[in-house]
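The structure appears right after this line, and notes come after that.
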Amino acid sequence: MANATPLVDARRLTKIYRTPAGDFTALKGIDLRVNRGEFVAVIGKSGSGKSTFINMLTGIDRPTSGEIFIGGEPLHTFDEEQMARWRGRNLGIVFQFFQLLPTLTLVENIMLPMDINKLYPAAERRERAMHLLGLVEMTEQADKLPAAVSGGQQQRVAIARALANDPGLIIADEPTGNLDSRTAAGIFTLFTRLVEEGKTIIMVTHDETQAARTHRAVMIADGEVVNEHVTRALMGLNYDQLAEVQRRVTPVTFASGAVIVRQGEPGDLFYILTDGQAEVTVTHPDGHEIVVDRLRAGQYFGEMALISGGARRATVRVTDDAPVTAVAIDPATFDRLVAESPALRDDLQRIISLRQLQSQVVALSGIDRAELQRLTSGAPTHTYAPGDTIIRRGELGETAGFILEGEVEVFADRPGERQERIDRLGPGRYFGEMALLGDGRRTATVRAAGTGPVKLLELDAPAFRKLMEMSGSFAADVWQMAAERQTRV
């Protein structure tokens, strides 16, 4: 899908409308690239500037400043005649209100762009129009007037008309905005098929569900494009919240090999990578450092220290390949976003649990984070107060617990109904594996210890066994630990 030269290349697009009340800036220096074969959604609230942006791409309106290249052609330099000729041959447009000519039949509406641009011999135009009607399942309605068919059928014909001259690029402005959900789904499926056949589609939509099914969504807020990596990283936020992030983020660049945050230092910013790669390392008490994660554009870090109010728990360093660009969010903005968005809060909690697991359980450090995330996506976390019994000897055991925070004590039963403490475990340790490896019964009692809460991630038996399959070092550690514990109980 990616190409060295994008099909659409918009550079610093600005649009200022002159009004009696003063100048209004609808677009504020927008940059956007779309590759051949991409299906891109443009989203945003009413008045955000998304329709103005689309009008720049179609040539319906002209930018006050900036450049637009489509297929290498400098559209911003074209006069009206050049623009009309280029548009007729290279661009298909689908409007929200269909825009079919009411006095022409459906097949004649599709033939019209061919008649105007004379790209096909006159004798072939009706045959091609009928072929296109077949693609949108409207052949039997060919000789009807637009008023004789439904809105959804008119939109199908409008799509067929947009394909009349076989353009490489289709721009659709709210193409399902006036359709019921079932018809809208059918139109979206048709767009998906066209992309699979090689078309490039840019679609303005207010439907976030549809936008999520495209290759990527570009959000416009207050006339600016919200960085797509920020949008992807903070998917739990709504339009207004993302617009606030766009206004408040601070772009930063770090040189190859630079340390962005260091373990043990106070946490003062939340970061989202927008380009480049970084690695996350943890220095353990014995002094050795291990790589526990690798971050790419669209991933974030720095949330753990801000949420806990403590020090950084890991070091994030730019890889040696190239510099990294990121955006930084200040603590006040971060706290407000977390407070206002339960979805973001839940997503952060899942990521925090995953990072604690991977950074603290050394044997898991070599597992790809995406694989580990898929495996643990449904795993619950539980918090216990000091003294709470977490598992009890003799009970059926169906899960293993990984300690993310706090400490637990392990007790074995002794003669005379006496219990003896045989172990004390802290963050990065696990327990409960013996029941999963043995006859299913707990062999010891485990209680929350210390003065603070204990936070656990619980994996069920299938997930625990899968984890052992994914990491030979973890599997070896499990069997060794089980053998040692068996001698104590």
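So, SER150, is that one surrounded by fewer than 22 Cβ atoms within 10 Å (Cβ to Cβ), out of contact with any Gly (no Cβ under 9 Å at 6 or more places or on another chain) and either of a type in the set (A, V, I, L, M) or within 19 Å of THR192 (Cβ to Cβ) (or both) or not?
The answer is no for SER150.
Could you list, in sequence order, all residues of segment 456-475 that are in contact with a helix residue (DSSP H, G or I) (Cβ under 8 Å, 6 or more places away or on another chain) and touching a residue at least 60 places away in the same chain (Cβ under 8 Å)?
Across segment 456-475, the qualifying residues are LEU457, LEU459, ALA461, ALA463, PHE464, LYS466, LEU467, MET470, SER471, SER473, PHE474.
I'd like the residue in segment 69-88 that is surrounded by 14 or more Cβ atoms within 10 Å (Cβ to Cβ) and in contact (Cβ under 8 Å) with a residue 60 or more places away in the chain and, out of all such residues, is nearest to GLY177 (Cα to Cα).
Filtering segment 69-88 for residues that are surrounded by 14 or more Cβ atoms within 10 Å (Cβ to Cβ) and in contact (Cβ under 8 Å) with a residue 60 or more places away in the chain, the one nearest to GLY177 (Cα to Cα) comes out as GLY88.
Please state which one of LEU337, LEU344, LEU354 is within 19 Å of VAL261 (Cβ to Cβ) and surrounded by 18 or more Cβ atoms within 10 Å (Cβ to Cβ).
Just one listed residue meets the conditions, LEU354.
Which one of these does ARG87 not meet: (1) outside any loop (DSSP other than H, G, I, E, B); (2) more than 20 Å from LEU13 (Cα to Cα); (3) modelled with pLDDT under 90?
Against the list (1) outside any loop (DSSP other than H, G, I, E, B); (2) more than 20 Å from LEU13 (Cα to Cα); (3) modelled with pLDDT under 90, ARG87 comes up short only on (2).
Return the residue satisfying two criteria in turn: it lies in segment 206-220 and is buried (at least 19 other Cβ atoms within 10 Å of the Cβ) and modelled with pLDDT of 85 or more, and of such residues it is farthest from ARG12 (Cα to Cα).
Filtering segment 206-220 for residues that are buried (at least 19 other Cβ atoms within 10 Å of the Cβ) and modelled with pLDDT of 85 or more, the one farthest from ARG12 (Cα to Cα) comes out as THR214.
Hey, does segment 10-23 have a residue that's exposed (fewer than 13 other Cβ atoms within 10 Å of the Cβ), within 25 Å of the chain's Cα centre (by Cα) and more than 19 Å from ASP222 (Cα to Cα)?
No, there is no match, as no residue in segment 10-23 is exposed (fewer than 13 other Cβ atoms within 10 Å of the Cβ), within 25 Å of the chain's Cα centre (by Cα) and more than 19 Å from ASP222 (Cα to Cα).
Do we find a residue being of a type in the set (Lys, Arg) and closer than 18 Å to LEU372 by Cα anywhere in segment 442-464?
No: segment 442-464 contains no residue that is of a type in the set (Lys, Arg) and closer than 18 Å to LEU372 by Cα.
If you take the residues in segment 299-318 that are of a type outside the set (Ser, Thr, Tyr), surrounded by fewer than 18 Cβ atoms within 10 Å (Cβ to Cβ) and out of contact with any Gly (no Cβ under 7 Å at 6 or more places or on another chain), which one is modelled with the highest pLDDT?
So, considering only residues that are of a type outside the set (Ser, Thr, Tyr), surrounded by fewer than 18 Cβ atoms within 10 Å (Cβ to Cβ) and out of contact with any Gly (no Cβ under 7 Å at 6 or more places or on another chain), the one modelled with the highest pLDDT is ILE307.
Of all residues in segment 410-443, count the ones that are under 42 Å from the mean Cα position of the chain (by Cα) and of a type outside the set (Ser, Thr, Tyr).
Total satisfying the criteria: 18.
Among the listed residues THR58, THR77, identify the single one that is in contact with a Lys or Arg (Cβ under 8 Å, 6 or more places away or on another chain) and within 22 Å of THR5 (Cα to Cα).
Matching residue, one of THR58, THR77: THR58.
Answer yes or no as to whether MET130 is surrounded by fewer than 20 Cβ atoms within 10 Å (Cβ to Cβ) and in the same structural domain as ILE93 (by TED's automatic domain parsing).
Yes.
For segment 370-384, which positions are part of a strand (DSSP E or B) and either among the β-branched types (Val, Ile, Thr) or outside the structural domain of VAL408 (by TED's automatic domain parsing) (or both)?
Those that are part of a strand (DSSP E or B) and either among the β-branched types (Val, Ile, Thr) or outside the structural domain of VAL408 (by TED's automatic domain parsing) (or both): THR381, THR383.
The values are calculated or read from the model by the stated rules, or taken from the named source; none is laboratory data. For clarity, every value in this text was computed on a predicted model and none was experimentally measured. Cβ sites come from the backbone with ideal geometry, for glycine too, and all protein chains shown count toward neighbours.
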